1. Using a 10 Å cut-off around each Cβ, can you sort 47, 141, 114 from fewest to most neighbouring Cβ atoms?
2. How much length is gained on full extension from residue 40 to residue 61, taking 0.36 nm per residue of separation minus their Cα-Cα distance?
3. Under 1.5 on a/c is rounded, so check that first for the range 67-153, then, if it is not, pick prolate when a/b is larger than b/c and oblate when it is not; a ≥ b ≥ c are the square roots of the alpha carbon gyration tensor eigenvalues.
4. Please order 95, 56 by the number of other Cβ within 10 Å, starting at the fewest.
5. First check a/c for the range 70-114, with a ≥ b ≥ c the square roots of the eigenvalues of its C-alpha gyration tensor; if it is under 1.5, answer rounded, and if not, answer prolate when a/b is larger than b/c or oblate otherwise.
């Protein structure tokens with residue numbers, strides 16, 4: 001079973017169709033509640049999908065601990081989120097815009113280190129892509145990939 005947040009527009013039409021098909025088959029559960037307090041049993045999901053979510057969570061460690069808890073052994077977390085820019089000038093712009101951006105974008109933190117947070121919270125980042133949405137200097141401002149629940153935890 002797959003657990004996902006409500007930000008599925010980023011999946012594209014093909015991904016949305018696959019998600020709709022699995023939802024119709026009763027294998028997808030959409031969560032509107034905060035990820036910090038999931039009311040599901042341990043190991044209930046084989047996949048969790050987070051799109052533009054971790055950058056907005058107040059307590060990222062608590063949210064990742066809950067996601068880790070509800071994932072089955074060797075379960076996967078598919079993510080798409082913001083990340084700190086690799087280019088110094090763009091990272092400086094991210095830091096400067098952060099307070100204003102958080103107010104207008106639902107608490108989103110542009111320079112949130114998604115990969116670092118995953119590694120610090122018992123996930124192994126199996127796949128990671130850092131596209132450059134506005135050209136090379138913006139590399140790293142977006143991260144997407146897959147993290148696996150560390151075996152034995």
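1. 47, 141, 114
2. 5.8 nm
3. Prolate shape, in that a/c is at least 1.5 and a/b is the bigger ratio.
4. 95, 56
5. oblate
Any read-out appearing in this document is the output of simple, stated calculations on the displayed coordinates, not a laboratory observation. What you are looking at is a predicted structure, and each value in this text was computed from that prediction instead of being measured. Here the Cβ is made from the backbone with ideal geometry for all residues, glycine too, and neighbour counts use every protein chain on show.
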